[in-house]
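One structure below.
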Amino acid sequence: MSEAALALSLFFHIGATVVWLGGLALMTFLVLPALNQTLAGQPALYRLLRRLRRRFTLAGNFALLVLIVTGLLQMSADPNYEGLLRFSNRWSQVLLLKHLLLIGMALASLTAQFAVAPALERASLLLEHTKGDLAAWRRLRQRERRLSWLIALLALFILAASAWLTAI
């Protein structure tokens, strides 16, 4: 890969990391707690959370796609890369660890996106129309919160693995 292509790939990789992990951190640690405190129990909270979830899911999924494509390009161009399923050097072993963390993060994200979010959507819509079960909604929000924290923690480990890879 040429120097210019590698630089472009790194640019998009870092940009997607900022969108994905920065958005995740912003939502998990700042926006959602503030919204929950400010709008607790109000129908506007359910509507706003639904809209934020949809928008962030779209941006996050696109950023993840960019990360996967650019990461694969960079991996194949790295002189430490010895081939598929070859883990004979420290770099490839750390890369394996990073990929395992990514798989864990993807599974948690898929659970949040395809299991918890749809149920939360239904519960929120019902609550907006005063027909829902607030206790069920709170349980789903707690599950979503736990998954968000797990994803954020895995993201930190992935960043640490990325730094380790760079140092090798």
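At 0.36 nm per residue, minus the direct Cα-Cα distance, what do residue 48 and residue 10 gain on full extension? Give it in nm, one decimal, please.
Roughly 10.3 nm would be gained on extension.
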- Item | Charge-dipole axis of the chain as Lys and Arg at +1 and Asp and Glu at -1 on Cβ define it, positive-most pick from 29, 1, 102 | 29
- Query: So how tilted is helix 3-17 from the main axis of the chain? Cα-based, degrees 0 to 90, rounded to 10.
  - Reply: 20 degrees
- Query: Roughly what would the spin-label model give for residue 106 and residue 149, points 7 Å off Cα along C-beta, in nm?
  - Reply: 2.6 nm
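Give the relative contact order (percent, whole number) for the range 14-116; include only Cα pairs under 8 Å separated by 6+ residues.
Details: 29 pairs, mean separation 28.4, N = 103.
In percent, rounded to a whole number, it is 28.
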- Query: Using 7 Å Cα-to-Cβ label points, what is the residue 89/residue 76 separation (nm, one decimal)?
  - Reply: 1.9 nm
- Averaged over all viewing directions, the convex hull of the alpha carbons in the range 18-90 casts a projected area in nm² of 6.7 nm²
- Query: Can you give the FRET efficiency for residue 62 and residue 163, using 1/(1 + (r/R0)^6), R0 = 22 Å, r = Cβ-Cβ distance, to the nearest 0.05?
  - Reply: 0.35
- Item | 222 nm mean residue ellipticity, helices alone, for the chain (DSSP H n ≥ 4; -39,500 (n - 2.57); rounded to 500) | -26000 deg cm²/dmol
- Message: Give the separation of the Cα centroids, the range 86-106 to the range 125-168, in Å.
- Response: 23 Å
- Scalar couplings 3J(HN,Hα) for the range 113-118 by Karplus 6.51 cos²θ - 1.76 cosθ + 1.60 (θ = phi - 60°), nearest whole Hz, x for Gly and Pro, are 6, 10, 10, 6, 4, x
- Query: To the nearest 10 degrees, how steep is helix 43-77 against the longest Cα principal axis of the chain, on a 0 to 90 scale?
  - Reply: 10 degrees
- Message: Need one number: the % of Cα-Cα pairs in the range 109-161 sitting beyond the 17 Å mark.
- Response: 43 percent
- Added length on full extension, which subtracts the Cα-Cα distance from 0.36 nm per residue, residue 138 to residue 31: 36.8 nm
- How fast does the chain diffuse by Stokes-Einstein, in µm²/s, taking the Kirkwood radius from C-alpha pairs at 25 °C and 0.890 mPa s? 139 µm²/s
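Bear in mind that the values in this text are calculations on the coordinates, not laboratory data. Keep in mind that this is a model prediction, so the values were computed, not measured. Positions of Cβ are backbone-derived with ideal geometry, glycine not excepted, and every protein chain shown enters the neighbour counts.
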